[in-house]
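The values are calculated or read from the model by the stated rules, or taken from the named source; none is laboratory data. These numbers were taken from a predicted model, which means no experiment stands behind them. Every residue, glycine among them, receives a Cβ derived from its backbone with ideal geometry; neighbour counts consider all protein chains shown. Remember, those area values only see protein heavy atoms, side chains included, never the ligands or the DNA or RNA. Shrake-Rupley method; radii C 1.70, N 1.55, O 1.52, S 1.80 Å.
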Amino acid sequence: AEADFERVLEAVASLAVHLEARGCPLGLATNGAVAGGIPGILPVAGGPRHLTAILEILARIQMVPEHDLMEMLRRAMDLPWGTGCVHFSHETDGLDGAALAYFSRRKTPAVHIVCRPSASVSETGGSMLCLDEILMEKASS
């Protein structure tokens, strides 16, 4: 499970670097415990310093849930118009549908990328992808 967790974090970091290089504003919300007392939520903003803050949080996230993700989103994540969301998780659970429904109600395009999908992934109408389907394998030397 820990190796899968690290793969998810690597994918999130890679996507953040990719989007920041294209000038896209980014935000981050995690329900995982973050070592060092750093908040697990950053509002949508842009720039290299913001990317550094996102990568710092990702480096400190522990595989232990600490907060209710949906409550965090409702209270602290003010999404500007035109924002899209990529929701990463280790396994499919009740939060998947709740998160996608939350973003749907806000008319925010969202996709859920999960490391260990259940058999119900095909029932989401394309809004959920398996991490293995989107990762590129490292070229062998």
If you go through the range 78-102, how many residues are within 13 Å of the chain's Cα centre (by Cα) and under 21 Å from GLY46 (Cα atoms)? 5
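Got a number for residues in the range 58-93 being touching a Ser or Thr at 6+ places or on another chain (Cβ under 7 Å) and not hydroxyl-bearing (Ser, Thr, Tyr)?
Summing the residues that are touching a Ser or Thr at 6+ places or on another chain (Cβ under 7 Å) and not hydroxyl-bearing (Ser, Thr, Tyr) in the range 58-93 gives 4.
Working carefully through the options ARG75, ARG49, ARG60, find the one that is open to solvent by 40 Å² or more (accessible area, probe 1.4 Å) and at pLDDT below 85. Spell out how you get there, then give the answer.
Numbers: ARG49 fails: at pLDDT below 85; ARG60 fails: at pLDDT below 85.
Selected residue: ARG75, the only one of ARG75, ARG49, ARG60 that is open to solvent by 40 Å² or more (accessible area, probe 1.4 Å) and at pLDDT below 85.
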Within the range 3-23, is there a residue that is loosely packed, with under 13 Cβ neighbours inside 10 Å, in a strand (DSSP E or B) and either of a type in the set (Ser, Thr, Tyr) or in contact (Cβ under 8 Å) with a residue 12 or more places away in the chain (or both)? no
